[in-house]
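Worksheet: one structure, shown below.
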Amino acid sequence: EICVQHGINKAAHLFESNASTMEDGYEVGLTVIKKDSAIITANATIAKGVYKAVQEKGLEVGKDVGVFALGRPKDNDDFSPKLSHAVQDYDLLGKCAIQELIREIEDGQAQKTCLVDNEIFYLQSTTR
């Protein structure tokens, strides 16, 4: 595991939430954001709330706090600085899930892992 290789205690650095709105991203952001942290969100809507929380804490996205979204923002012009994100092929992911479900129904076994390539866009909200 990459965290272990780099001496990172992932339990101390991992926060999970079922939140999915801008308000949820804002509230969660207020509790976990600190200087030199990085936040990965499930979507751009949550990232928008994180941006607001970063600003409220007197920090800057892309400089003090990295923000990355799993999913393309509808309009990256709504983000300043522009949001780094990954684009996944949801059609392919859905087909893979269906194939695994059929396999489990027919054979009683499923692979339970489906790797789908994605495209990553490193923009101004993160540093590489």
Check your understanding: With helices defined as uninterrupted DSSP H runs, which ones in the chain have an alpha carbon span along their own long axis of at least 24 Å and mean Kyte-Doolittle hydropathy of at least -0.5?
Key -> 90-107
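Ranked highest first by the average count of other Cβ atoms within 10 Å around their residues, in what order do 57-64, 111-118 fall?
Values: 57-64: 15.6, 111-118: 10.0.
Highest to lowest by the protection proxy: 57-64, 111-118.
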Point to revise | Violating pairs (Cα-Cα greater than 26 angstrom) within the set 48/112; 74/95; 34/82; 35/74; 34/112 | key: 48/112; 35/74; 34/112
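What is the extension gain from residue 55 to residue 72, computed as 0.36 nm multiplied by their sequence separation minus the C-alpha to C-alpha distance, in nm to one decimal? Kindly include the intermediate steps, with their values, before the conclusion.
Numbers: separation 17, 0.36 × 17 = 6.12 nm, distance 2.16 nm.
Taking 0.36 nm per residue and subtracting the Cα distance, the gain is 4.0 nm.
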Review point. Whose amide H sits under 5 Å from the amide H of residue 39, counting only residues 5 or more places off or on another chain, with H placed in the peptide plane?
Key: 66, 67, 68
Review point. Given H placed 1.01 Å from N in the peptide plane, which residues other than close sequence neighbours of residue 61 have an amide H under 5 Å from its amide H?
Key: none
Exercise for review: Over segment 56-128, calculate the relative contact order: mean separation of alpha carbon pairs under 8 Å at least 6 apart, over the residue count, as a percent.
Suggested key: 43
Study note, to complete from the structure: The alpha-carbon pair-distance distribution computed for the chain, with 5 angstrom bins and whole-percent values, is 2, 10, 17, 18, 17, 14, 10, 6, 4, 2, 0, 0
Review point. Counting only the backbone N, which residues of segment 76-104 are under 16 Å from the spot 7 Å out from the Cα of residue 123 toward its beta-carbon?
Key: 76-88
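Each reported figure results from applying straightforward, stated rules to the coordinates on display, with no laboratory input. This structure is a prediction, so every number in the text was calculated from the model and none was measured. Cβ sites come from the backbone with ideal geometry, for glycine too, and all protein chains shown count toward neighbours.
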